[in-house]
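Here's the structure, in structure tokens; my notes come after.
Every read-out reported here was derived from the displayed coordinates using simple, explicitly stated rules and does not represent laboratory data. As the structure is a computational prediction, the values presented were derived from the model and not from experiment. Positions of Cβ are generated from backbone atoms using ideal geometry, with glycine treated the same way; all protein chains shown enter the neighbour counts.
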């Protein structure tokens with residue numbers, strides 16, 4: 001039996017369309033449904049207020065919407081009192097770390113699925129976990145995945161493929177030509193666009209001209225560009241006052257480079273996990289939004305994505321310059337991310353080296369200045385919390401609390417913890433700072449061009465990066481529920497329909513998905529059903545692995561990955577290849 005089809009009539013009102021649906025479903029030709037979601041408060045993803053109607057699903061598709069009171073179905077979900085929305089789409093995700101692995105638990109991605117995620121963008125920060133793209137597709141498909149994967153080409157991946165270890169320089173025209181060919185090959189294989197991680201190696205040595213050249217290659221495919229920009233603070237995270245030999249790039253300049261890519265290519269661009277990072281950057285969101293508003297008034301397709309936390313980064317944060325911990329002769333000229341600083345055993349004499357340099361009348365002022373910068377970068381001494389330390393009385397206290405209690409400077413406390421704390425940690429303690437302000441985050445997320453992202457990986461799974469011990473980022477378990485619980489319910493910065501739009505239809509629009517992101521007849525059945533009253537993120541800095549509450553049902557391609565608030569372990573996700581993206585039938 002053919003599924004119910006509703007003609008799209010020019011000028012038809014919502015009420016008229018619903019009346020037509022109701023009449024059709026009530027007739028003798030009503031199809032049997034696999035799943036019927038009945039009586040929910042439906043927020044369709046467009047930003048419109050909720051409306052109460054039923055949704056019928058057959059296979060992986062929404063086939064009927066309206067008053068389906070007389071329809072039959074194999075499974076009926078009573079959604080009265082609950083909200084029904086499109087599945088959440090994460091436009092900056094590291095789910096691919098787990099979902100391409102051989103770890104069965106990681107592939108199920110329970111920490112992310114439980115948040116309502118149904119689609120995640122891959123290769124974030126410019127790195128494909130598997131390359132070439134055909135091998136990445138095979139890695140996803142060989143064991144199944146719980147959510148859909150959007151394929152991307154990573155700039156760092158193609159730069160490494162062409163330049164190898166000789167990357168600390170601008171690429172030659174011939175090397176850029178080779179990179180362009182790899183980007184085209186990736187787009188032909190089904191990628192949706194180009195990602196970049198310009199604050200990281202090897203991408204941070206690239207020029208804007210290199211990025212523009214590669215971004216132009218995705219334009220014939222209606223592709224887009226998404227960037228972790230060169231800086232999100234007063235200077236990039238790899239620099240320190242003692243290591244700056246030229247004028248550092250600041251966060252606003254990083255954003256302006258992304259806008260330049262839009263201007264030079266004409267494609268959609270995203271300033272990813274946009275933030276005003278570091279105490280000295282608090283309030284910069286006002287400048288950032290002015291700059292983007294002007295660019296959009298110029299006709300450029302510029303977007304943000306933002307995660308709803310004041311803290312950043314995966315693992316515990318180091319408040320000491322790494323150069324202060326290593327032996328003399330180690331090359332630190334490349335910055336905090338110098339490859340020499342990641343060699344095995346390089347911190348074997350960390351305490352001896354730190355104590356010697358702290359006692360040196362020439363080195364100490366340089367060391368103090370770098371520590372002061374790092375404290376500022378992580379939000380300030382009153383916003384940096386100890387999350388793990390041998391003396392448990394330190395846990396939960398700020399660096400400022402400890403300095404005041406000990407009658408010392410904050411720099412002295414940082415050094416004391418390194419010398420007296422856990423000898424297996426370079427800094428002696430695990431700390432996490434709130435390096436952004438809610439007022440800036442709120443300013444970003446209230447913009448109509450800001451999509452919600454997480455920057456999260458699969459959480460709480462041993463053997464799967466990133467760091468998953470004390471002080472792990474709470475976003476791995478709480479990101480999408482927090483966007484609603486904190487900014488809709490608590491702070492009332494945005495409305496619920498606005499938040500849902502930023503988590504569904506807007507990222508789908510940016511990516512170019514034509515059959516996901518909204519609740520429409522003919523769209524794929526990626527759906528979230530939640531209880532707004534109980535919806536709450538529970539993961540915190542001190543307890544980062546606590547799952548969220550309030551997500552009752554999640555469907556991916558018409559199959560339950562969350563059923564009655566419980567993970568099913570199902571793997572119904574698909575690898576979404578750009579060439580297979582289709583316009584729903586009318």
If R0 = 45 Å, then residue 540 and residue 174, at their Cβ-Cβ distance, give a FRET efficiency to the nearest 0.05 of 0.30
Cα-derived Rg over Rh, computed across the range 514-586 with Rh taken as Kirkwood radius: 1.07
Residues 124, 333, 156, sorted so that the one with the fewest Cβ neighbours within 10 Å comes first: 333, 156, 124
Where does helix 285-297 land angle-wise versus the long Cα axis of the chain, in degrees 0 to 90, nearest 10? 50
With Cα atoms, 0 to 90° folded angle of helix 251-265 axis to the chain main axis: 50
Ranked from fewest to most other Cβ atoms within 10 Å of their own Cβ, 140, 200 fall in the order 200, 140
Give me the extension gain from residue 359 to residue 252: residue separation times 0.36 nm, minus the current Cα-Cα distance, reported in nm with one decimal. 34.7 nm
Pairs of Cα atoms under 8 Å, at least six residues apart: use those to get the relative contact order of the chain, whole percent. 20
Anisotropy class of the range 322-433 from Cα gyration tensor, a/c 1.5 cut: prolate
Size of the range 218-309 as Cα extents on the principal axes (Å, biggest first): 44, 25, 23
Can you give me the distance in nm between label points at residue 69 and residue 439, each placed 7 Å from the Cα along the Cα-to-Cβ direction? 5.2
Estimate the FRET efficiency between residue 409 and residue 333 by the formula 1/(1 + (r/R0)^6), using the beta-carbon distance for r and 41 Å for R0, to the nearest 0.05. 0.90
Can you tell me the 0 to 90 degree angle between the C-alpha axis of helix 14-25 and the longest principal axis of the chain, rounded to 10? 60
Point-to-point label distance, residue 51-residue 566, nm (Cα→Cβ direction, 7 Å offset): 3.6
Among beta bridges assigned by DSSP with both residues in the chain, the antiparallel ones amount in percent, to the nearest 5, to 50
Reviewing [x] 1.00; [y] 2.20; [z] 1.36, the figure for Cα Rg over 2.2 N^0.38 Å actually calculated from this model sits under [x]
With a cut-off of 15 Å, note down the residues of the range 410-434 whose backbone N falls inside the zone around a label point 7 Å from the Cα of residue 395 toward its beta carbon. 422, 429-432
Full-extension gain in nm, residue 287 to residue 238, via 0.36 nm per residue minus C-alpha separation: 15.3 nm
Taking the Cβ-Cβ separation of residue 76 and residue 532 as r and a Förster radius of 22 Å, what is the calculated FRET efficiency to the nearest 0.05? 0.55
Relative contact order %, the range 204-297, counting alpha carbon pairs below 8 Å whose residues are six or more apart: 32
Where labels lie 7 Å past Cα in the beta-carbon direction, separation of residue 340 and residue 424 in nm: 2.9
